[in-house]
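Undergrad: Could you have a look at this structure, given as structure tokens, before my questions?
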Amino acid sequence: MRYTGVDVNKLYSIDYSPLRGEWKPTGRSGRKIYVVPSHLTYVRIGETEITDLHDLRRHLALEVEERFGNPLWDVRLSGNLYCLALVRDFEPPEDSYALDPEVFSLARVATALGEEDCFVLDLGRHKTTLVEVKGAQLLSYRVVLKGGNFIDQLLSRELGLKPEEAERIRIEEGLKREAVRSAFERILESLGRDLSEEKVLLSGGLSRLRNIEEYFGTVLRNRYVDPELNSAFGAALKYVYRDCSPDFRGEELSHRDVKKVALVLSFSFLLFLGANLGLHLTEKRVLSGIRAVEKEKFREVFPGLPPMAVRDQVRSMVSAERYPLTEKLIKASGILKEGVKLYRIEYGNGVLRIVGEVSDKSVLEGTEARSLKKTPAGGYEFEVELR
């Protein structure tokens with residue numbers, strides 16, 4: 001199976017073998033799983049006593065409509081936990097196989113790296129997303145609309161620089177520059193979480209800032225892809241590392257519905273078998289009656305012969321195998337006319353050779369006879385070969 005994670009214009013594809021439980025990167029495109037940006041999604045994970053997905057959907061539908069209007073939403077049920085995901089201002093592309101809220105894509109990167117408990121910090125151009133992963137599952141997240149552009153704007157305003165010059169300073173000098181450091185710390189403060197002693201997986205283009213590692217306890221990097229590709233990478237692995245993330249592919253069948261479908265299919269199969277058996281028995285009775293009539297009519301016409309249905313005679317003629325010699329003898333009987341004396345018949349290497357005598361050469365017309373010799377008795381000796 002092949003999947004492609006799509007994050008705007010960034011793509012990452014994998015080949016996945018469910019039987020072996022293995023995946024590997026590929027350059028070929030597969031089923032497209034589109035990343036929904038974190039600032040366009042709302043995700044809630046909670047406990048529920050409802051065990052049927054269909055009932056849970058009906059239960060949540062009223063709340064979603066009252067609080068959010070009519071957004072695109074989906075829910076996934078796993079044990080006593082459910083995950084509700086809503087999407088706004090995002091139209092699923094026609095070629096989408098599934099959607100993946102970005103917070104799940106980022107959390108899945110940690111799982112792919114074997115990290116069950118850590119933070120994933122995605123530092124982009126326009127926003128910053130912090131995801132907390134616990135037990136290889138998304139626990140919480142926070143999104144702030146500040147990223148690389150926010151730092152560039154502060155530099156431009158405070159230092160009187162053009163946007164291009166501010167961006168150059170951010171990239172080349174990084175956190176060595178006090179103004180860049182101050183702006184970056186304001187982004188971290190907006191997240192409302194102290195990460196100075198935490199294990200943090202860095203993601204996004206802004207994570208390339210020089211000296212960024214000093215702000216965190218332990219820094220992790222994705223060894224498979226560049227920081228900018230992490231969201232697409234995580235989305236491509238959606239069906240490899242299963243989690244509670246909805247996929248927006250339509251309502252799944254609940255266990256109750258699956259049982260109903262199974263019962264209906266089983267009953268339909270039994271009806272099918274019963275109908276086939278009934279037709280077979282009916283056909284057998286009808287054919288037996290027809291063949292009995294055929295044999296009776298045969299006995300009336302040919303009283304001295306054993307009764308045999310006409311269809312049995314035809315079948316025996318059709319199924320009888322004709323050997324090459326038989327075919328050639330039949331052909332010879334068709335070309336040799338009455339009045340021919342046969343002296344010798346030979347067959348070898350697929351050739352039938354007939355030697356005989358006729359009193360008149362006209363009898364041999366059309367036979368392609370060879371070695372035509374006149375005999376003392378006034379006849380003609382001939383030889384015919386059939387290949």
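The values are calculated or read from the model by the stated rules, or taken from the named source; none is laboratory data. Keep in mind that what you see is a predicted model, and the values were worked out from it rather than measured. So basically every Cβ, Gly included, is an ideal-geometry build from the backbone, and we count neighbours across all protein chains shown.
Undergrad: Taking the stated definitions as given, is VAL64 over 28 Å from the mean Cα position of the chain (by Cα), within 30 Å of LEU145 (Cβ to Cβ) and of a type outside the set (Asp, Glu)?
TA: Criteria met by VAL64.
Undergrad: Give the number of residues within region 220-259 that are of a type in the set (Lys, Arg), modelled with pLDDT under 90 and surrounded by 15 or more Cβ atoms within 10 Å (Cβ to Cβ).
TA: Number satisfying all stated conditions: 0.
Undergrad: For region 95-121, name all the residues that are of a type in the set (Asp, Glu) and over 32 Å from the mean Cα position of the chain (by Cα).
TA: Once the filter is applied, which keeps residues that are of a type in the set (Asp, Glu) and over 32 Å from the mean Cα position of the chain (by Cα), region 95-121 yields only ASP117.
Undergrad: Tell me which residues, restricted to region 76-126, are of a type outside the set (A, V, I, L, M) and closer than 15 Å to TYR42 by Cβ.
TA: ARG76, TYR82, CYS83, ARG88, ASP89, PHE90, ASP100, PRO101, GLU102, PHE104
Undergrad: Please identify the pairs in which a residue from region 190-207 that is without any contact (Cβ under 8 Å) to a residue 24 or more places away in the chain has its Cβ atom under 7 Å from the Cβ atom of a residue that is part of a helix (DSSP H, G or I), counting only partners at least 6 apart or on another chain.
TA: Going by the 7 Å Cβ cut-off, the qualifying pairs are SER196/TYR215.
Undergrad: Could you figure out which of (1) surrounded by fewer than 16 Cβ atoms within 10 Å (Cβ to Cβ); (2) at pLDDT 95 or above isn't true of ASN70?
TA: The number of the failed condition is (2).
Undergrad: Can I ask one more? Scanning for something hydroxyl-bearing (Ser, Thr, Tyr), under 15 Å from LEU138 (Cβ atoms) and touching a residue at least 24 places away in the same chain (Cβ under 8 Å), does region 59-78 turn up at least one residue?
TA: Yes, there is a match, as at least one residue in region 59-78 is hydroxyl-bearing (Ser, Thr, Tyr), under 15 Å from LEU138 (Cβ atoms) and touching a residue at least 24 places away in the same chain (Cβ under 8 Å).
Undergrad: Follow-up. Could you check region 110-159 and list, in sequence order, the residues that are part of a strand (DSSP E or B), touching a His at 6+ places or on another chain (Cβ under 8 Å) and free of Cβ contacts under 8 Å to residues at least 60 places away in the same chain?
TA: Of everything in region 110-159, nothing turns out to be part of a strand (DSSP E or B), touching a His at 6+ places or on another chain (Cβ under 8 Å) and free of Cβ contacts under 8 Å to residues at least 60 places away in the same chain.
Undergrad: I need the strands (runs of 3 or more DSSP E) fully contained in region 50-107, keeping only those with at least 1 residues that are within 23 Å of LEU229 (Cα to Cα) and among the acidic types (Asp, Glu).
TA: In region 50-107, 96-101 are the strands (runs of 3 or more DSSP E) which contain 1 or more residues that are within 23 Å of LEU229 (Cα to Cα) and among the acidic types (Asp, Glu).
Undergrad: Something else: Look through region 354-368, keep the residues that are surrounded by 15 or more Cβ atoms within 10 Å (Cβ to Cβ) and of a type outside the set (Val, Ile, Thr), and return whichever of them is modelled with the lowest pLDDT.
TA: The extreme case among them is LEU364.
Undergrad: Can you name the condition, by its number, that PHE382 falls short on among (1) in contact with a helix residue (DSSP H, G or I) (Cβ under 7 Å, 6 or more places away or on another chain); (2) at pLDDT 80 or above; (3) surrounded by 15 or more Cβ atoms within 10 Å (Cβ to Cβ)?
TA: (2)
Undergrad: Does region 177-199 include one or more residues that are under 27 Å from LYS134 (Cβ atoms), assigned by TED's automatic domain parsing to the domain that holds ARG142 and in a strand (DSSP E or B)?
TA: Within region 177-199 (the criterion being under 27 Å from LYS134 (Cβ atoms), assigned by TED's automatic domain parsing to the domain that holds ARG142 and in a strand (DSSP E or B)), the answer is yes, since at least one residue qualifies.
Undergrad: Is it true that GLU91 is at pLDDT below 95 and surrounded by fewer than 19 Cβ atoms within 10 Å (Cβ to Cβ)?
TA: yes
Undergrad: Right, here's the next one. Taking region 12-36 only, how many residues are out of contact with any Pro (no Cβ under 9 Å at 6 or more places or on another chain), surrounded by 16 or more Cβ atoms within 10 Å (Cβ to Cβ) and not charged (D, E, K, R)?
TA: 5
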